[in-house]
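K.L.:
Have a look at this one.
FYI, it's all coordinate maths here, none of it is from the lab. Quick caveat: nothing in here was measured; it's all calculated off a predicted structure. In this analysis, Cβ positions are derived from the backbone assuming ideal geometry, glycine residues included, and neighbour counts consider all displayed protein chains.
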Amino acid sequence: MFIGARDDILQEPDKICMLGKVQQKLECRPVPNSEYMQLKRQEIKKAAQPVRKVLKIDHVVNVYKPVSNHKINVSNNVHRIAVVCFLNYIFIVATARNRSQKFKNI
């Protein structure tokens with residue numbers, strides 16, 4: 001079994017690595033003293049408390065609505081409308097030219 005940091009196994013030299021095969025399972029249990037039991041009681045109480053609590057408020061709280069139309073969205077819409085108008089203009093001009101050529105051929 002190898003204990004130590006090898007560069008080809010670990011990139012971090014501060015960590016310890018072990019190579020080998022498990023021969024026997026090891027279980028660890030804490031010492032059952034009053035400090036451990038107090039810690040477990042605190043953990044159970046903390047887990048039993050709700051994440052969100054209802055608070056009684058005695059003053060008015062300002063709640064601002066979010067901005068629904070940001071400057072970026074407005075500028076994108078203006079750009080999109082300009083492009084659509086330009087494309088419509090090109091389509092109208094092209095169809096007008098095609099119509100005028102059809103009438104010339106008649």
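K.L.:
Arg52 - would you say it is of a type in the set (Lys, Arg), without any contact (Cβ under 8 Å) to a residue 24 or more places away in the chain and assigned to a loop (DSSP other than H, G, I, E, B)?
P.N.:
In short, yes.
K.L.:
Name the residues in region 66-87 that are surrounded by 10 or more Cβ atoms within 10 Å (Cβ to Cβ) and in a loop (DSSP other than H, G, I, E, B), would you?
P.N.:
Listed by number, the list holds a single entry, His70.
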